[in-house]
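Read through the structure below, which is laid out as structure tokens, and then see the notes.
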Amino acid sequence: MSGLTALPVARGRRSATVLWRTAAAHPADLARALVTTLLSSAGTVALPLLLGRAVDVVRDGDPLTPLVVQLSVVALLTAVTTALARRDAERLGAAVAADLRERVVDRSLRMSPRVLERAGSGDVASRVTEDVELFTASVQLMANVLTALVTVVLSAVGFLSLDWRLALAFCVVFPVYAGSLRWYLPKAGPLYATERSVAAARSQVVLQSLHGASTVHAYGMADLQGDRVEVASQRTVGASRAALRTFARFSMSMNGAEAVGLSALLLTGFWLVRGDVVTVGAVTAAALLFHRLFGPLGTLLLSFDEVSRAAAALNRLVGVVDLPEDPPADPAALARAPRERVGLVVRGLAHTYDERLGAVPVLRDVDLAVPAGTSLAVVGESGAGKTTLAALVAGVFPASAGTVTLTGPEGAVDLAALDADAVRERIGVIAQESHVFTGTLREDLTLARPGASDEEVRAALAVVGAEDWVAALPAGLETRVGPGELPLSPARAQQLALARLVLRDPPVVVLDEATAEAGSAGARDLEEAALAVVRGRTALVVAHRLSQAAVCDRIAVMAAGRVEEIGTHDELLALGGRYARLWETWARSGQPAQAPATAADT
């Protein structure tokens with residue numbers, strides 16, 4: 001995926017730091033996992049050493065019963081601590097994965113729209129779904145790797161306790177492993193990073209095809225989009241196969257390393273026993289200990305495949321977590337930012353969605369003023385820049401140039417000096433499409449103001465004219481709505497969005513074609529609801545229907561990213577310009593005098 005659009009990917013060291021700090025945030029779970037893992041590994045190492053002693057005891061004719069008791073106790077304790085170690089490590093891993101998942105999702109929801117636009121929805125969706133799932137699925141693997149690592153370290157101590165030359169013979173295996181890893185690791189990281197990247201690109205194509213399904217069907221693009229999905233899927237499969245082939249070659253070297261290590265250990269033991277330096281039991285213990293290490297060493301080395309995948313996913317997750325936060329609000333500006341009787345002043349506003357790509361500006365030198373308590377409608381043909389203007393005025397993302405200022409009795413404050421929470425307290429936004437969340441109707445409405453009483457909720461519904469149909473629902477405010485529950489028409493969903501805005505009660509509202517989804521049947525009701533929300537507030541209304549614009553205090557007519565005309569409805573009709581022509585078309589057809597919105601306008 002292009003570096004111009006993809007979200008950042010963290011480096012391995014940074015990801016390891018985040019992983020450790022996340023684990024350290026659960027000290028009790030971390031301590032239990034470390035202690036039980038240490039005890040389990042100690043038991044795993046102790047058993048071969050005791051068996052080696054048993055060989056010497058039998059050879060010397062000494063009593064074997066005490067040693068059998070020791071072996072039984074150690075075997076039982078090892079079994080118990082191994083089970084506890086796996087449980088504690090998986091519990092710690094689950095807690096870490098849950099924390100990371102929450103942080104990634106939270107940061108994704110707070111992501112700057114400009115960053116989201118450049119990255120693409122496919123990259124974001126891939127990280128919060130596939131990458132999170134891949135890392136979460138690796139929790140058990142990480143538990144096994146932790147146990148194997150501790151076991152290998154304690155085994156090295158066990159070899160030293162037998163004889164330093166046996167320990168040295170054991171170490172012969174590491175250069176073989178090191179050579180294999182040196183060949184594999186530089187290839188694995190890029191291969192798995194590529195695999196995750198092409199998977200994100202595939203998700204982008206699939207999402208675009210699904211979201212634009214109506215367009216795909218309308219223009220007979222099913223075969224074209226199917227081919228695009230197939231090409232993206234083939235790239236993903238190709239990247240997976242390349243990674244798998246490399247891992248298969250790496251795993252083949254492991255058997256050779258085990259043969260070299262065991263041969264070196266037995267040969268060294270033979271010469272040491274022949275020289276009466278160590279006992280047969282010591283060599284037996286060393287051989288058994290090395291044999292017991294096949295599993296832990298195999299886990300450490302053969303898990304590099306899955307660890308590399310998990311590391312690639314973790315790097316992408318940490319890349320989201322480390323996205324820079326929005327700058328904090330200027331305390332002085334926050335203190336004097338008006339909360340009541342708020343007006344809007346726009347000066348020199350200009351915007352280009354991606355300056356790096358040389359895109360044509362969407363807005364150019366826009367100047368507007370909306371006095372407190374008045375409404376300004378924005379109209380114009382598709383692509384004029386209306387939606388972009390609404391987003392900038394609402395503080396959804398910063399403008400490329402110019403300022404949006406909130407004015408009040410205390411003075412004026414630049415919107416850029418406030419943080420997102422302060423902006424949302426003062427400016428409420430309703431877009432063309434509103435989401436109905438799964439849950440009760442009350443829960444859906446009180447998202448805007450948690451703790452609102454039923455009386456306040458019903459009052460908000462009454463303002464937007466929704467109290468009658470809500471009262472007629474099977475369970476009233478307790479009726480479950482949203483995906484998988486009671487479906488609501490677009491007009492009713494938009495009424496709920498307007499009711500949420502009433503509950504929030506901001507002094508400034510921005511309605512971006514908030515009545516466009518009503519259809520002819522519900523248009524009048526929804527326009528009346530929008531008018532009720534606007535009444536008494538400072539409002540910027542992107543009007544889909546000119547009848548909605550006509551009732552606003554003033555109207556701004558946009559074309560090619562500029563404000564061409566501004567005035568009252570009667571003034572603009574008398575002017576005989578662009579607005580008068582739009583109104584004439586509207587009056588003659590009874591339909592919106594504009595084409596469907598284009599990508600440039602949204």
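The values are calculated or read from the model by the stated rules, or taken from the named source; none is laboratory data. Given the structure is predicted, the values throughout are model-derived calculations rather than measurements. Positions of Cβ are backbone-derived with ideal geometry, glycine not excepted, and every protein chain shown enters the neighbour counts. Accessible surface areas use protein heavy atoms only, side chains included; no ligands, DNA or RNA. Shrake-Rupley method; radii C 1.70, N 1.55, O 1.52, S 1.80 Å.
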Query raised in the report: Along segment 161-172, what does the Karplus equation 6.51 cos²θ - 1.76 cosθ + 1.60 (θ = phi - 60°) give for ³J(HN,Hα), rounded to whole Hz, x for Gly and Pro?
Result: 5, 7, 5, 5, 6, 5, 5, 5, 5, 4, 5, 4
Requested in this report: Mind grabbing the accessible area of THR279 for me, 1.4 Å probe, Å², rounded to tens?
Outcome: 50
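So if I place +1 on the C-beta of Lys and Arg and -1 on the C-beta of Asp and Glu, and nothing else carries charge, what would the dipole magnitude of the chain be about its Cα centre? I want it in debye, nearest 20.
On the way: 56 positive and 62 negative charges, 398 e Å.
In total the dipole reaches around 1920 debye.
Summarise the accessible area of the chain (1.4 Å probe, protein heavy atoms) by the percent that is carbon and sulfur.
So the carbon and sulfur contribution to the accessible surface is 60 percent.
Just to confirm a number: summing +1 for Lys and Arg and -1 for Asp and Glu over residues other than GLY567 whose beta-carbon lies under 13 angstrom from that of GLY567, what do you get?
Numbers: positive: ARG554, ARG578; negative: ASP553, GLU564, GLU565, ASP570, GLU571.
Local net charge: -3.
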Query raised in the report: Which one of THR65, ALA550, ALA452 is farthest out on the positive end of the charge dipole of the chain, using unit charges on Cβ (Lys, Arg +1; Asp, Glu -1) and the Cα centre as origin?
Result: THR65
Report summary line: So ALA75 and VAL360, fully extended at 0.36 nm per residue minus their Cα-Cα distance, gain in nm 95.2 nm
Requested in this report: Report which label in [x] 26.5; [y] 25.4; [z] 29.4 holds the value of Kirkwood radius over Cα pairs in Å derived from the coordinates of this structure.
Outcome: [z]
Query - Sequence-distant residues sharing a close amide H with GLY439 (under 5 Å, placed H) - result: VAL481
Query raised in the report: Say the dipole of the chain comes from +1 at the beta carbon of Lys and Arg and -1 at that of Asp and Glu; which of ALA248, PRO398, ALA213 then lies farthest toward its positive end?
Result: ALA248
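Which percent, to the nearest 5, of DSSP beta bridges fully inside the chain are antiparallel? If you can, show how the numbers build up before the last one.
Details: 22 of 41 bridges.
About 55 percent, rounded to the nearest 5.
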Requested in this report: Would you work out which of HIS435, THR151, ALA384 lies farthest towards the positive end of the dipole of the chain, given +1 charges on the beta-carbon of Lys and Arg and -1 on that of Asp and Glu, about the Cα centre?
Outcome: THR151
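At a 10 angstrom cut-off on C-beta neighbours, averaged per residue, how do the peptides 313-322, 150-159, 25-34 rank from highest to lowest?
Details: 313-322: 23.2, 150-159: 19.6, 25-34: 15.3.
With the highest mean Cβ count within 10 Å placed first, the list reads 313-322, 150-159, 25-34.
About the Cα centre of segment 407-450, how large is the charge dipole given +1 on each Lys and Arg Cβ and -1 on each Asp and Glu Cβ? Please answer in debye to the nearest 20.
The dipole of segment 407-450 has a size of about 160 debye.
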Query raised in the report: Which distance in nm do the two modelled labels at ARG442 and LEU34 give, with both placed 7 Å along the Cα-to-Cβ direction?
Result: 4.8
Query raised in the report: Can you list the residues, at least 5 places off or on another chain, whose amide H is less than 5 Å from the amide H of VAL509, using H built in the peptide plane?
Result: GLY428, THR538, ALA539, LEU540
Query raised in the report: Dipole magnitude of segment 473-577 about its Cα centre, charges +1 at Lys/Arg Cβ and -1 at Asp/Glu Cβ only, in debye to the nearest 20?
Result: 260
Report summary line: Over segment 63-187, with neighbouring protein chains present, the accessible area per residue in Å² at probe 1.4 Å is 50
Query - Per-residue ³J(HN,Hα) for segment 399-409, Karplus 6.51 cos²θ - 1.76 cosθ + 1.60, θ = phi - 60°, Hz, x for Gly and Pro - result: 7, 5, 7, x, 9, 10, 10, 8, 10, x, x
**Report entry** Phi to ³J(HN,Hα) by Karplus 6.51 cos²θ - 1.76 cosθ + 1.60 over segment 46-59, Hz, x for Gly, Pro
**Finding:** 5, 4, x, 5, 5, 5, x, 4, 4, 4, 5, 5, 5, 5
Requested in this report: Taking H placed 1.01 Å from N in the peptide plane, check which residues at least 5 places from ASP322 or on another chain put their amide H under 5 Å from its amide H.
Outcome: none
